[in-house]
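K.L.:
Structure in structure tokens, see below.
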Amino acid sequence: MALDSRAFPGGITDAAGNTGFVNLPGDEIVAIDLTTGATRWRVAGAGRPLLAADSALLVVRRQQRRLELTLLDAVNGDVRNDIGPLPVPDWAADEWDTSGGFVAVAQPQGSQSQVVWRAVKRYHGGAAPSAEVLSGAGDEAGGTVLVDLDAGQMHAVQDVDPSMLGGAELGERAQRTTSTGGRVYQLDSKPFSDGTTVVTLTASREGDEVPLWETVLDRRGTRRRPPPLRQ
């Protein structure tokens, strides 16, 4: 299975740069046709995209108390194979939604995929924590696994590539703009006065301010308090 991965706002693209896989709140993945901006598929709870491989997509997702590697069909988002849980501490699942709490990146390693992960334990309570609680906060764990996507198997390795961990720090899907193939792709989150937030992905030619297309990826509303009654 040919492996490749390219950074993209909110996620990755396939090797040819034809499809973008964007991660949205709720662990939703949206696959976008990068030529037209059309949505190819979207799956809630699919996880976070790590690596594109032929017609497959390697993702990491949270399943209750486990963080698992799963292979999706890149054509429709269906699950092809549950590869198995990452060897993470029990508390790592609690940090899934915490900024910097859990990050993972992947890159090809020969015929396999190398996945590097890191978890940082945070204090989530509101009251002043005890010394015992504080002593556990800030704990870090990390590791590397090699994944054989054809066999659907993985095994842990001892050495961690520090350059990939550096990429993990930058890879929390905070990247909003990418230039590739003469195009600029930009991910924006726009709040409106009615409490709605709209997430859009825009493509334009380099040096051209007029977009080739703009696609709404997500539209969420927040409940606002009604205005006070006039006396």
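K.L.:
What tally of residues in region 25-49 results from selecting those that are assigned to a strand (DSSP E or B) and either open to solvent by less than 10 Å² (accessible area, probe 1.4 Å) or touching a helix residue (DSSP H, G or I) at 6+ places or on another chain (Cβ under 8 Å) (or both)?
P.N.:
Qualifying residue count for the region: 5.
K.L.:
Ok, one more. Would you confirm, using the coordinates I've provided, whether ALA106 is open to solvent by less than 10 Å² (accessible area, probe 1.4 Å), touching a strand residue (DSSP E or B) at 6+ places or on another chain (Cβ under 7 Å) and of a type outside the set (Lys, Arg)?
P.N.:
Judged against the criteria, ALA106 is not a match.
K.L.:
Further question: For the subset of region 109-122 comprising residues that are of a type in the set (Gly, Ala, Ser) and open to solvent by less than 40 Å² (accessible area, probe 1.4 Å), which member is farthest from GLY142 (Cα to Cα)?
P.N.:
Pass one, region 109-122, residues of a type in the set (Gly, Ala, Ser): 110-111, 113, 119.
Now restrict to residues that are open to solvent by less than 40 Å² (accessible area, probe 1.4 Å): 113, 119.
Values: SER113: 17, ALA119: 6 Å.
Looking at residues that are of a type in the set (Gly, Ala, Ser) and open to solvent by less than 40 Å² (accessible area, probe 1.4 Å), I get SER113.
K.L.:
Just checking, does region 88-100 include any residue being on the phi < 0 side of the Ramachandran plot, in contact (Cβ under 8 Å) with a residue 12 or more places away in the chain, open to solvent by less than 10 Å² (accessible area, probe 1.4 Å) and touching an Asp or Glu at 6+ places or on another chain (Cβ under 8 Å)?
P.N.:
Checking region 88-100: not a single residue is on the phi < 0 side of the Ramachandran plot, in contact (Cβ under 8 Å) with a residue 12 or more places away in the chain, open to solvent by less than 10 Å² (accessible area, probe 1.4 Å) and touching an Asp or Glu at 6+ places or on another chain (Cβ under 8 Å).
K.L.:
Of the residues in region 178-221, how many are without any contact (Cβ under 8 Å) to a residue 12 or more places away in the chain and under 16 Å from GLY11 (Cβ atoms)?
P.N.:
1
K.L.:
Is it true that GLN64 is among the polar types (S, T, N, Q) and farther than 17 Å from MET154 by Cα?
P.N.:
Details: among the polar types (S, T, N, Q): yes; farther than 17 Å from MET154 by Cα: yes.
For GLN64, the condition - among the polar types (S, T, N, Q) and farther than 17 Å from MET154 by Cα - is met.
K.L.:
Let me ask something else about it. In region 50-64, which residues are open to solvent by less than 40 Å² (accessible area, probe 1.4 Å) and among the charged types (D, E, K, R)?
P.N.:
ARG61
K.L.:
So, one more: Where residues in region 7-60 are within 18 Å of GLN175 (Cα to Cα), more than 13 Å from the chain's Cα centre (by Cα) and not aliphatic (A, V, I, L, M), which of them is modelled with the highest pLDDT?
P.N.:
Ranking the qualifying residues of region 7-60, first place goes to THR19.
K.L.:
Okay, moving on. Tell me which of these PHE21 doesn't satisfy, since it passes every other one: (1) assigned to a loop (DSSP other than H, G, I, E, B); (2) open to solvent by less than 10 Å² (accessible area, probe 1.4 Å); (3) closer than 24 Å to PRO211 by Cβ; (4) in contact with a Gly (Cβ under 7 Å, 6 or more places away or on another chain).
P.N.:
(1)
K.L.:
If I go through region 74-87 residue by residue, how many of them are assigned to a loop (DSSP other than H, G, I, E, B) and open to solvent by 60 Å² or more (accessible area, probe 1.4 Å)?
P.N.:
Step one: list which residues in region 74-87 are assigned to a loop (DSSP other than H, G, I, E, B), which gives 74-78, 86-87.
Restricting the remaining residues to those that are open to solvent by 60 Å² or more (accessible area, probe 1.4 Å) gives 75-76, 78, 87.
Residues that pass the stated criteria total 4.
The values are calculated or read from the model by the stated rules, or taken from the named source; none is laboratory data. A quick note: this is a predicted structure, and the numbers were derived from the prediction, not measured. Please note: Cβ atoms are built from the backbone with ideal geometry, for glycine as well, and neighbour counts cover all protein chains shown. For accessibility, only protein heavy atoms count, side chains too; no ligands or nucleic acids. Shrake-Rupley method; radii C 1.70, N 1.55, O 1.52, S 1.80 Å.
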